[in-house]
Amino acid sequence: MNSLNLSLALTALAALATLPGCSTKLGAPFDPLRPAETAAGPDDPYWQKLGTTPSTSRLPAAASASATNAAAGAFTALDTTNQLNPEWLKPSTEPLKLGPGDILEIETVGEAASRSTLLVGPDGKIYYSILPGISVWGLSLAETKALLEREASKLTRLKPELSVNLRTLGSQRVWILGAVEKPAVYNLAGPATLLEAISTVGGIVTTPGVASVSSADLANSFVLRAGRMLPVDFERLLERGDLSQNIYLRPDDFVYIRPANNPTVYVLGAVTTPNILPHASGLTVAAAVALAGGTIPLAHDSKIVIVRGGLSRPQVATTSYADIIKGRTPDVALMPGDIVYVPHVPFYKVAQMAEQILNVFVSTVAANTGLSAGGSAESVGVTAR
């Protein structure tokens, strides 16, 4: 994937974030001083203070049971099918492919005065000498050299011998954001592992007198590739030095080291305003869904999913939001990092649904975090002769 496709992908993710289940736009502000199990009807002073009146059909009954922690055994480990591919631990053997943003230096061998510096445009084309626009998008340097020589020979008596150098790499990028010293978009000039990339950005953010890894929530950090989360265990990699998790990065990979001082709960799926809520004592499933505006019509609220325990070792539980708000089943207290997902349609395989939820989650975080990041370009000296 090239940089233009990356921009389009992030735009698509941003659009995805506006759909039910994927947006992170905050709805009603969360007040950590307000117990989650207090009355949530239209006469609740809390809602009056906010100047809004929630739908009474979507809020917990005033006489609902007190919130409880999920019973022991209610959360089960997710036996995910998303496994680390051994090929990801090897550097790519494919040659560098050109894309928009790359800068080439081209000259006729032996004629220094013929040297030209060309930018690969957004359409993937370059304009060299008297040639019309030539598309080099997805070509290697050797393929570009051969193509230019072939096209130029159609307009000259002798076939020219060209030298094609890559002077600036602008299309092969990786995103390294979150709790690192220098978060940014970096050019991937050659094979680089995840550890090397984190080292390049200065490592994990450090606090004086505190171990560096404590500044990051490694259990909820992730690598996103082509819209899917890779099952990298950052705790094993950074705390234990387990190199079996040290994958090689590829262009357009998105690495996010989640800050540890950001305890939140995510409410996604078939709710009015999917939310990121600051976690506080007393926050429950019913309160979280209520603060997300309640469920939308036709939501499958009789079986919702709670994902807990980090991205590398997630645990899942199901409960009935419909029964909670009617007082038929105890509410569930939430923990920092929990993801509450209200499905649009019934589902039968919890593990499959949970994997879809995790991909929606990381895509949402990537879209909202990545849109605020900028890139940089560095000179390299790769040459085709």
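The values are calculated or read from the model by the stated rules, or taken from the named source; none is laboratory data. These figures come from a predicted structure and were not determined experimentally. As a convention, Cβ positions derive from the backbone with ideal geometry for all residues, glycine included, and neighbour counts pool all protein chains shown.
Do you know which residues across region 323-351 are free of Cβ contacts under 8 Å to residues at least 24 places away in the same chain and part of a helix (DSSP H, G or I)? Break it down into steps so the answer makes sense when it comes.
Our first condition is that a residue be free of Cβ contacts under 8 Å to residues at least 24 places away in the same chain; within region 323-351, this holds for 323, 328, 348-349.
Matches in region 323-351: ASP323 only.
Quick one: which residue in GLY269, GLY310 is crowded, with 17+ Cβ neighbours inside 10 Å, at positive phi and touching a strand residue (DSSP E or B) at 6+ places or on another chain (Cβ under 7 Å)? Steps first, please.
Numbers: GLY310 fails: touching a strand residue (DSSP E or B) at 6+ places or on another chain (Cβ under 7 Å).
After applying the criteria, what remains is GLY269.
Okay, residues lined up against (1) part of a loop (DSSP other than H, G, I, E, B); (2) under 15 Å from VAL365 (Cα atoms); (3) at pLDDT 90 or above:
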{"position": "VAL223", "(1), (2), (3)": "no, yes, yes"}
{"position": "MET229", "(1), (2), (3)": "no, yes, no"}
{"position": "VAL232", "(1), (2), (3)": "yes, no, yes"}
{"position": "ARG236", "(1), (2), (3)": "no, no, yes"}
{"position": "TYR256", "(1), (2), (3)": "no, yes, yes"}
{"position": "ASN261", "(1), (2), (3)": "yes, no, no"}
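Go through the residues of region 145-168 one by one and say whether even a single one is touching a helix residue (DSSP H, G or I) at 6+ places or on another chain (Cβ under 6 Å) and closer than 23 Å to SER363 by Cβ.
No - not one qualifying residue is present in region 145-168.
Considering (1) surrounded by fewer than 24 Cβ atoms within 10 Å (Cβ to Cβ); (2) under 26 Å from LYS349 (Cβ atoms); (3) in contact with a strand residue (DSSP E or B) (Cβ under 7 Å, 6 or more places away or on another chain), say which one ILE276 fails and leave the rest.
Evaluating ILE276 over (1) surrounded by fewer than 24 Cβ atoms within 10 Å (Cβ to Cβ); (2) under 26 Å from LYS349 (Cβ atoms); (3) in contact with a strand residue (DSSP E or B) (Cβ under 7 Å, 6 or more places away or on another chain) leaves (2) as the failure.
Identify, from the list PRO263, PRO191, the residue that is closer than 17 Å to VAL307 by Cα and in contact with a strand residue (DSSP E or B) (Cβ under 8 Å, 6 or more places away or on another chain).
Exactly one of PRO263, PRO191 is closer than 17 Å to VAL307 by Cα and in contact with a strand residue (DSSP E or B) (Cβ under 8 Å, 6 or more places away or on another chain), namely PRO263.
Matching residues to (1) assigned to a strand (DSSP E or B); (2) β-branched (Val, Ile, Thr); (3) free of Cβ contacts under 8 Å to residues at least 12 places away in the same chain; (4) closer than 30 Å to PHE222 by Cβ:
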site	(1), (2), (3), (4)
GLU87	no, no, yes, yes
PRO91	no, no, no, yes
LEU131	no, no, no, no
LEU139	no, no, no, no
ARG157	no, no, yes, no
ASN165	yes, no, no, no
SER171	no, no, no, yes
VAL174	yes, yes, no, yes
LEU177	yes, no, no, yes
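Kindly provide the set of residues from region 128-148 that are within 19 Å of ARG115 (Cβ to Cβ), modelled with pLDDT of 90 or more and not hydrophobic (A, V, I, L, M, F, W, C), ordered by number.
THR144, LYS145 - these are the residues of region 128-148 that are within 19 Å of ARG115 (Cβ to Cβ), modelled with pLDDT of 90 or more and not hydrophobic (A, V, I, L, M, F, W, C).
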